[in-house]
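Visitor: Here's a structure for you.
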Amino acid sequence: MMTACHSYRRPPLQAAFSWIRTAMDVILHLGAHRTASTTFQAYLRDNSAGLSRHGISVWDPRRTRNGLFAGIWPAPQMFNCGPQRAEGRIALALAAEAGRGARQVIVSDENILGNPRQGVRAAALYPAAGERVARLAAAFRGRITQAVLSIRCPDAYWASLIAMTAARGHPLPGPMRLAALSDGPRGWRDVVADVACALPGVPLAVMPHEEYGAAPERRLARMLGDAALAPATHARRRLNMAPRLPQLRAALAAAGRDTGHLPAGDGHFAPFTPAQAARMREQYSDDLFWLAAGADGLATLMTEKVPGPEGKTPVPGQTERGHAHDQEGRVAQTG
């Protein structure tokens, strides 16, 4: 079920910064979580010197979560840190980037969409994505020129997220919660619609994790529209991968928690029944079909039929509605 569009508008902060809109592109990379965002951000950092020579600057979570975005989203016990002050910090930071010769700024932070644990509790994909992105867009005062969203088949997305958070001390969801996650009506199509509503007039590109998760250089090339600007160096690191069953058992045991309900073996954590997983893959195929058909003009699906370093990746641009989305190869299971 799609939620209502949210839009926030405030008076201009300072007319002196209006020229940034035409002098610089701001590319917003929204994640999502568990779509190799940490790997992509590390790739950008490792290649920051070369990117800077091409006029490309990167704001990753080390920058955005270090006070730059404070006040954009309401939070308890926040004093003297409202959205207007965030607008000022962002405007000054963009002006500084322009002064250093930057022509493009890539803003990459998956937490913009929301806290993924809240999604588990609500049994829904990013229920507050629209409002959160709208608040961020208002703080940038119309300077965002492009947005990119990575998506992943829900059964693999939720399994990876649950395994990662459980290893960090959060409880594993029980059968009723898993059923709610698998049966929930909200899919990536709804997240795409919410983001598009929050960024009216801003081109929104959607990149399937199954195709780009293991290839940060291809992701960057598509974002920039120029493969020559995407370095091949540092492109094969894999960071923040979800723990496999042995690591998950060890983490739970170290925390004094029961591990008897985890299955045997050393594979990936797969909490859903075959029927639940099949339903989520069916929904994902429908979402991909909608995207490939034009997404009602809201977004553009980016795909490329090329072999990846770990075998041929699945081609998400389905031509038949409801076609099963098999997780071929190792890319779909990464992270």
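The values are calculated or read from the model by the stated rules, or taken from the named source; none is laboratory data. These numbers come from a predicted model, not from an experiment. Cβ coordinates were reconstructed from backbone atoms using ideal geometry, including for glycine residues, and neighbour counts include every protein chain displayed.
Visitor: Which members of the stretch 92-112 meet the condition of being hydrophobic (A, V, I, L, M, F, W, C) and over 19 Å from A147 (Cβ atoms)?
Guide: Correct list: L92, A95, A96, A98.
Visitor: I'd like the full set of residues that are surrounded by fewer than 23 Cβ atoms within 10 Å (Cβ to Cβ), outside any loop (DSSP other than H, G, I, E, B) and under 11 Å from the mean Cα position of the chain (by Cα), limited to the stretch 100-111. Steps first, please.
Guide: Initial filter on the stretch 100-111 (surrounded by fewer than 23 Cβ atoms within 10 Å (Cβ to Cβ)): 100-104, 109-111.
Imposing the further condition that a residue be outside any loop (DSSP other than H, G, I, E, B) reduces the set to 104, 110-111.
Residues satisfying the conditions are E110, N111.
Visitor: Just to be sure, is A228 in a helix (DSSP H, G or I), farther than 30 Å from P175 by Cβ, over 23 Å from the mean Cα position of the chain (by Cα) and free of Cβ contacts under 8 Å to residues at least 12 places away in the same chain?
Guide: Yes, satisfied.
Every residue, every condition in (1) surrounded by fewer than 21 Cβ atoms within 10 Å (Cβ to Cβ); (2) within 19 Å of Y212 (Cβ to Cβ); (3) modelled with pLDDT under 95, yes or no:
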residue: L113; (1), (2), (3): no, yes, no
residue: P116; (1), (2), (3): no, no, yes
residue: A122; (1), (2), (3): yes, no, yes
residue: R152; (1), (2), (3): no, yes, no
residue: A156; (1), (2), (3): no, yes, no
residue: A163; (1), (2), (3): no, no, yes
residue: H170; (1), (2), (3): yes, no, yes
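Visitor: One residue is enough: does the stretch 138-148 have a residue meeting the conditions touching a Phe, Trp or Tyr at 6+ places or on another chain (Cβ under 6 Å), surrounded by fewer than 24 Cβ atoms within 10 Å (Cβ to Cβ) and either small (G, A, S) or modelled with pLDDT of 95 or more (or both)?
Guide: Looking for residues that are touching a Phe, Trp or Tyr at 6+ places or on another chain (Cβ under 6 Å), surrounded by fewer than 24 Cβ atoms within 10 Å (Cβ to Cβ) and either small (G, A, S) or modelled with pLDDT of 95 or more (or both), one finds at least one in the stretch 138-148, hence yes.
Visitor: A further question on this structure: Restricting attention to the stretch 136-171, and to residues there that are of a type in the set (D, E, K, R) and touching a helix residue (DSSP H, G or I) at 6+ places or on another chain (Cβ under 7 Å), which single residue is nearest to P185 (Cα to Cα)?
Guide: Quick first cut of the stretch 136-171, residues of a type in the set (D, E, K, R) only: 141, 143, 152, 155, 168.
Next, from what is left, pick out any that are touching a helix residue (DSSP H, G or I) at 6+ places or on another chain (Cβ under 7 Å): 141, 143, 152, 155.
Values: R141: 33, R143: 33, R152: 16, D155: 14 Å.
By that ranking, first place goes to D155.
Visitor: Are there any pairs, at least 6 apart or on different chains, whose C-beta atoms fall under 8 Å, with the first in the stretch 125-154 and over 18 Å from A91 (Cα atoms) and the second of a type in the set (K, R) and in a loop (DSSP other than H, G, I, E, B), and if so, which?
Guide: Qualifying pairs under 8 Å: L125/R186; P127/R186; R152/R34.
Visitor: Within the stretch 245-282, track down each residue that is farther than 25 Å from A123 by Cβ and touching a residue at least 60 places away in the same chain (Cβ under 8 Å).
Guide: Across the stretch 245-282, the qualifying residue is only Q247.
Visitor: Scan the stretch 188-216 for residues that are farther than 25 Å from I144 by Cα and touching a Leu at 6+ places or on another chain (Cβ under 9 Å) and report the count.
Guide: 0
Conditions (1) surrounded by 20 or more Cβ atoms within 10 Å (Cβ to Cβ); (2) small (G, A, S), marked per residue:
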site: A159; (1), (2): yes, yes
site: A179; (1), (2): no, yes
site: D183; (1), (2): no, no
site: W188; (1), (2): yes, no
site: V192; (1), (2): yes, no
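Visitor: Let me ask you something else. Can you confirm whether the stretch 68-76 contains a residue that is at pLDDT 90 or above and in a helix (DSSP H, G or I)? Working first, answer last.
Guide: Step one: of the stretch 68-76, the residues at pLDDT 90 or above are 68-73.
Filter once more, keeping what is in a helix (DSSP H, G or I): 68.
Among the residues of the stretch 68-76, at least one is at pLDDT 90 or above and in a helix (DSSP H, G or I), which makes the answer yes.
Visitor: Quick one: is R186 touching a residue at least 12 places away in the same chain (Cβ under 8 Å), assigned to a helix (DSSP H, G or I) and among the charged types (D, E, K, R)?
Guide: no
Visitor: Does the stretch 283-300 contain at least one residue that is touching a helix residue (DSSP H, G or I) at 6+ places or on another chain (Cβ under 8 Å), touching a residue at least 60 places away in the same chain (Cβ under 8 Å) and part of a loop (DSSP other than H, G, I, E, B)?
Guide: Yes, some residue in the stretch 283-300 is touching a helix residue (DSSP H, G or I) at 6+ places or on another chain (Cβ under 8 Å), touching a residue at least 60 places away in the same chain (Cβ under 8 Å) and part of a loop (DSSP other than H, G, I, E, B).
Visitor: Going by what's in this entry, would P185 be described as within 27 Å of T300 (Cα to Cα) and touching a Cys at 6+ places or on another chain (Cβ under 9 Å)?
Guide: no
Visitor: If you don't mind, another one. With the requirement that a residue be surrounded by 11 or more Cβ atoms within 10 Å (Cβ to Cβ), part of a helix (DSSP H, G or I) and of a type in the set (A, V, I, L, M, F, W, C), what does the stretch 231-281 give you?
Guide: Result: L245, L248, A250, A251, L252, A253, A277, A278, M280.
Visitor: Condition (residue is in contact with a Ser or Thr (Cβ under 7 Å, 6 or more places away or on another chain) and within 19 Å of A293 (Cα to Cα)) applied to the stretch 211-222: is it met by at least one residue?
Guide: Checked the stretch 211-222: at least one residue is in contact with a Ser or Thr (Cβ under 7 Å, 6 or more places away or on another chain) and within 19 Å of A293 (Cα to Cα).
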